[in-house]
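The values are calculated or read from the model by the stated rules, or taken from the named source; none is laboratory data. Owing to the predicted nature of the structure, the values given are computational and were not obtained by experimental measurement. FYI the Cβ positions are ideal-geometry reconstructions off the backbone, even for glycines, and counts take in every protein chain you see. Remember, those area values only see protein heavy atoms, side chains included, never the ligands or the DNA or RNA. Shrake-Rupley method; radii C 1.70, N 1.55, O 1.52, S 1.80 Å.
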Amino acid sequence: MNRIEPPNRFSPEAVRANGVEGGKPQPGQLNDTARQVAAQYRRDTMSPIMVSGVLRLVEFVLLALSGTTLFLTYVGFGTELDWHYAIVIALASFVAVVLLDINDCYQLPALMRPSSKLTRILIVWGWTLALFAVAGFFLKLTDDFSRVWFGGWFVAGMVLLVLPRLALARLIKLWTRNGRIERRAVIVGGGKSAEALVRAIEQQPYNDIRICGIFDDRDDRRSPPLVAGYPKLGDISELIEFARIARIDMLIVSLPLTAESRVLSLLKKLWVLPVDIRLSAHSNQLHFRPRSYSYIGSVPLLDIFDRPINDWDSVAKRAFDIVFSMVGIVVLSPIMLLTAIAIKLDSKGPVLFKQKRHGFNNEVIEVYKFRSMYTDQADPTAIRPVTKGDSRVTRVGRFIRKTSIDELPQFFNALFGSLSLVGPRPHAVAAQSHNLLYNEVVDGYFARHRVKPGVTGWAQINGWRGEMDTDEKIKMRTEYDLYYIENWSLWFDLQILFLTPIRLLNTENAY
């Protein structure tokens, strides 16, 4: 059969173009069984990608440290080749890790059964040092290098590449048993196709998938309440509520590609969730190019949506937030101190104002601001938005709102982790436009919450800040937020962060 490319109609852009840009999440009431199952999966897990990534770093450090220790012990400083040794130690350690990666020595099955890759690990380490020995021969440096150091490092490297992996294998098996390391999946769709998919996943040795349940809109006559031993926990609207409670990693849609309208209807509801969405290709007759698939063992899946800012990206972004939040707090502390004094002198009440807003995955968070309104007229729910010349705003409040100084305490939110420095701006839980909640105005509004909200964002530096008094404004803000999510990078965050003070000089929409 000829191989074909996957249909473009299932790409994120095509889904929106077909008028399914994310439905309004109106979650149903979870039944008791579904709520109990969701409660079991509230705790975050360790990603296998993160575990293998940490192991790469640890092995590089161990190899480099062992080579350096042997050099300092046997050779010592003061030779003409000090910097040659340093370069060889660093490069050989790096090359060894890269070659181990190429040989799949960091995949979960290899980590769970280190004996299966033991020979390959030792061969990789031996060939790495042999490669550098040959390079030294042609560069006429081998006569000057210590052979005792070279042989000692070879033996030390073998030990350090094997023993930690044996210990890690025991840990991974323990973490797998107690649910600390796993990918949690929900099957969307029931019947024979879902049963075949579940059976195929369960037959894969050393896979890290834990199936949490089945969700299907069809009634029990067309979709049985029990599929391959897993209960049907509810319909799709209940799945959205389920995924807000449980820490789910993946949704696997078990529907044939020929059911295009139903697949698109499901994506319309599900793409707002911060999870990977895959379409099962296990029972499809069509065959796509290999790069179109991801796999659970040998079970093929078509990638529809990926969770944004995941795994190492999330680590990098969190490090970015901590570093720049601390810098911001130190640099801006005089302004924050003066603002606090001015607020106290201007009106009675606390300096800070706390407001409940929607955070990541629709969780309710508490955001800090400098108080800009009279205490007895403050509106934590933001049902009545602040307008130009609003009598509720104090004299100091007008200035700090115009200049966005009232937002500076949110640097502490970013430092503690409820906000990111850059991301979609969080809105108050009850924020409205013309007596309609924002999610009732904009289809796909809750897709903004697939990432952590930010102190500043792409929409804000493009002029969409301040009062959202028209439907068009909240639609445009959402469009810019979704663009940010789909195009995120640390460089993009850095650009937004440094452009923010410049763009804040435009105070037209801030009052």
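Details
- Listed by chain and number, the lysines whose C-alpha is less than 28 Å from the C-alpha of residue 192, apart from same-chain residues fewer than 8 away, are 232, 268, 269.
- Inter-label distance, nm, simple model (7 Å from Cα along the C-beta direction), residue 374/residue 471: 3.5
- Förster-model FRET efficiency, 30 Å R0, residue 487 and residue 293, C-beta, rounded to 0.05: 0.75
- Heavy-atom accessible surface of residue 154, to the nearest 10 Å², is about 70 Å², with a 1.4 Å probe and all protein chains retained.
- For region 197-259, the mean projected area of the C-alpha convex hull, equal to one quarter of the hull surface, is 5.0 nm².
- The modelled label-to-label distance between residue 72 and residue 133, using points 7 Å beyond Cα along the C-beta direction, is 2.7 nm.
- For residue 65, the solvent-accessible surface with a 1.4 Å probe is about 100 Å², rounded to the nearest 10.
- Solvent-accessible surface ranking, highest first, for 388, 475, 354 at 1.4 angstrom: 388, 354, 475
- Violating pairs (Cα-Cα greater than 27 angstrom) within the set 344/402; 344/452; 317/356: 344/452
- Per-residue SASA entry for residue 208, accessible area with 1.4 Å probe, Å² rounded to 10: 20
- Accessible area, probe 1.4 Å, largest first, for residues 85, 293: 293, 85
- Largest to smallest accessible area among 147, 221 [probe 1.4 Å]: 221, 147
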